[in-house]
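Worksheet: one structure, shown below.
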Amino acid sequence: MKKVRLGIIGLGNIGSQHYVNVLSGKCPEIDVVAVADINPDRLEWAEKTNKVYQEKNPCVPTLKKFFDASEMMKSGLVDAVIVSVPHYDHPRYAIEAFRFGLHVMCEKPAGVYTLQVKEMIAEADKHPELKFGMMFNQRTNCLYRKMKEIMDSGELGELRRSTWIITNWYRPQAYYDSGAWRATWAGEGGGVLLNQCPHNLDLWQWLCGMPKKIYAKVQFGRWHDIEVEDDVVACVEYANGATGTFITTTADIPGTNRLEIVCDGGSLICENNKLILNKLDTPESEFTKNNKRPYGQPECQRIEVETDGKNEQHFGVLNAFASAILHDTPLIADGREGIRALEISNAMHLSQWLGKEVELPFDEELFKSLLEERVKTSKQKENTTYVFSEFNETHKGIL
């Protein structure tokens, strides 16, 4: 195999972006040879886009279109698929793909509730020869990669506190009205925690580890006419007694994105595209035992950390996926890791529904039953479909 023959399941906002990234040459070891979508307009768009890029590059393969993803997966045309459909169907299509002997890249979130994701992981484990990736593209960001390197090195010592204020996810009502599945329990299964914040929740646990206890104030439709959450304040406790806070919303404008990790030997602050390291000359736990001055403080160096500047995002994850298939190199994020961010968001929901602190692992059957209660009363929205993304302006002629 010289190139990975890729099929895309779902041509909504993100599926379309993956498609254009590959066609524009950002993924040299991948050819998109097939797409599947239940919307004929999106299939027509894909065919038109394919022809535009073929005119520019004769090496672009002719596209095969499918209304049925299963038909595409069993066609023999593809080696791998990207699952980029609404959240509930992520595990379903991933499981089916594994059974057809296909490599899988799953969009975030891994699913809506952990029990269905465990089924997906169990199926993946039956096929160790197949690569299973999760689209955690923020792990390619040089700032977070550097934070991970520093935290893993142990140079800052034991974790004491983590704080993430991530409120720059502003979305107006028009965003929620743009699709029938959006912001409903039946269609999406959650709001800001499940749609915007899986990346942040993944990075949070990637850098600091999984919490053991969670207490959350989750507000549903606080700022928008929606069923699901658009405002969250959560407190967590880690195994060593360290604490953390996570604050997010889709209603603050302008919002904030500030991640601070405090350890015994100093702190890391990521904000405004900069990473600051405050490095104590003496760990606080050692200093406070030996210091005799009532207002004494350990000396601290403030360092703006240099990075390699790379931030390849979605196409970087796809390139690593292709390399893993072709050359057995590491993935950016193994698909099995997707359950961790979901476990945190499920626990936040459960804490609000129960009105108390939740310990991890939590009662997954209880969570599922409480979610199903909300799905049963979920309102039906007008079946509108509007595809939008950051690359629309760049590709006006073909979108």
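The values are calculated or read from the model by the stated rules, or taken from the named source; none is laboratory data. In this text, all values refer to a predicted model and were calculated from it rather than measured experimentally. Reconstructed Cβ throughout: ideal geometry from the backbone, glycine too, with neighbour counts over all protein chains shown. These area figures cover heavy atoms from the full protein model, side chains too; ligands, DNA and RNA do not enter into them. Shrake-Rupley method; radii C 1.70, N 1.55, O 1.52, S 1.80 Å.
Residues being over 26 Å from the mean Cα position of the chain (by Cα) and either open to solvent by less than 40 Å² (accessible area, probe 1.4 Å) or of a type outside the set (Phe, Trp, Tyr) (or both): count how many of those fall in the stretch 259-300. Spell out the reasoning first.
Just the residues of the stretch 259-300 that are over 26 Å from the mean Cα position of the chain (by Cα), to begin with: 264-266, 278-300.
When the remaining residues are screened for being either open to solvent by less than 40 Å² (accessible area, probe 1.4 Å) or of a type outside the set (Phe, Trp, Tyr) (or both), the result is 264-266, 278-294, 296-300.
Qualifying residue count, the stretch 259-300: 25.
Under 8 Å by Cβ, and 6 or more places apart or on different chains, what pairs join a residue from the stretch 280-294 that is under 24 Å from Leu268 (Cα atoms) and modelled with pLDDT of 95 or more with one that is among the basic types (Lys, Arg) and assigned to a loop (DSSP other than H, G, I, E, B)?
Listed by first residue and then by second, the contacts come to nothing, as the list is empty.
Sort out which residues of the stretch 145-159 are in contact (Cβ under 8 Å) with a residue 24 or more places away in the chain and either surrounded by fewer than 22 Cβ atoms within 10 Å (Cβ to Cβ) or over 19 Å from the mean Cα position of the chain (by Cα) (or both), and write them in order of number. Please lay out each step first, then the result.
Step one: of the stretch 145-159, the residues in contact (Cβ under 8 Å) with a residue 24 or more places away in the chain are 145-148, 150-151, 155-159.
Answer for the stretch 145-159, where residues must be in contact (Cβ under 8 Å) with a residue 24 or more places away in the chain and either surrounded by fewer than 22 Cβ atoms within 10 Å (Cβ to Cβ) or over 19 Å from the mean Cα position of the chain (by Cα) (or both): Arg145, Lys146, Lys148, Ile150, Met151, Glu155, Leu156, Gly157, Glu158, Leu159.
Quick one: which residue in Trp223, Trp169, Trp164 is among the aromatic types (Phe, Trp, Tyr), in a loop (DSSP other than H, G, I, E, B), in contact with a strand residue (DSSP E or B) (Cβ under 6 Å, 6 or more places away or on another chain) and farther than 13 Å from Ser345 by Cα?
Working: Trp169 fails: in contact with a strand residue (DSSP E or B) (Cβ under 6 Å, 6 or more places away or on another chain); Trp164 fails: in a loop (DSSP other than H, G, I, E, B).
None of the others qualify; the one that does is Trp223.
Being of a type in the set (Ser, Thr, Tyr) and crowded, with 19+ Cβ neighbours inside 10 Å is the filter here, so list the residues in the stretch 13-45 that pass it. Full working, then the answer.
Our first condition is that a residue be of a type in the set (Ser, Thr, Tyr); within the stretch 13-45, this holds for 16, 19, 24.
Hits for the stretch 13-45 are Ser16, Tyr19.
Could you check how many residues of the stretch 212-247 are β-branched (Val, Ile, Thr) and within 17 Å of Gln173 (Cα to Cα)? Before you say what the answer is, go through the steps one by one.
From the stretch 212-247, those β-branched (Val, Ile, Thr) are 214, 218, 226, 228, 232-233, 236, 243, 245, 247; that's our starting set.
Applying the additional criterion that residues be within 17 Å of Gln173 (Cα to Cα) yields 226, 228.
Going through the stretch 212-247 one residue at a time, the tally reaches 2.
Name the one entry in Lys48, Lys74, Lys131 that is in contact (Cβ under 8 Å) with a residue 12 or more places away in the chain, open to solvent by less than 50 Å² (accessible area, probe 1.4 Å) and basic (Lys, Arg).
Values: Lys48 fails: open to solvent by less than 50 Å² (accessible area, probe 1.4 Å); Lys74 fails: open to solvent by less than 50 Å² (accessible area, probe 1.4 Å).
The unique qualifying residue is Lys131.
Please go through the stretch 265-313 and give me each residue that is assigned to a loop (DSSP other than H, G, I, E, B), over 30 Å from Lys26 (Cβ atoms) and in contact with a strand residue (DSSP E or B) (Cβ under 6 Å, 6 or more places away or on another chain), ordered by number.
Answer for the stretch 265-313, where residues must be assigned to a loop (DSSP other than H, G, I, E, B), over 30 Å from Lys26 (Cβ atoms) and in contact with a strand residue (DSSP E or B) (Cβ under 6 Å, 6 or more places away or on another chain): Gly265, Pro298.
So the check is Cβ under 8 Å with 6+ separation or different chains; which pairs have a first residue in the stretch 187-201 that's closer than 14 Å to Gln138 by Cα and in a loop (DSSP other than H, G, I, E, B) and a second one that's open to solvent by 10 Å² or more (accessible area, probe 1.4 Å) and hydrophobic (A, V, I, L, M, F, W, C)?
Gln196/Trp169; Cys197/Trp169
Given Val233, Val218, which one is open to solvent by 10 Å² or more (accessible area, probe 1.4 Å), part of a strand (DSSP E or B), closer than 23 Å to Ile253 by Cβ and not acidic (Asp, Glu)?
Numbers: Val218 fails: open to solvent by 10 Å² or more (accessible area, probe 1.4 Å).
On inspection, the qualifying residue turns out to be Val233.
Six or more apart or on different chains, Cβ under 8 Å: which pairs go from a residue in the stretch 352-370 that's under 21 Å from Val228 (Cβ atoms) to one that's small (Gly, Ala, Ser) and assigned to a helix (DSSP H, G or I)? Could you list them?
That search, which allows pairs on different chains as well, returns Val358/Ala347; Val358/Ser351; Phe362/Ala347.
Which of (1) charged (D, E, K, R); (2) farther than 23 Å from Tyr238 by Cα; (3) crowded, with 20+ Cβ neighbours inside 10 Å is the odd one out, the single condition Glu343 does not satisfy?
Unmet condition: (2).
So which residues in the stretch 160-214 are open to solvent by less than 10 Å² (accessible area, probe 1.4 Å), over 17 Å from Thr114 (Cβ atoms) and among the charged types (D, E, K, R)?
Scanning the stretch 160-214 gives no hits.
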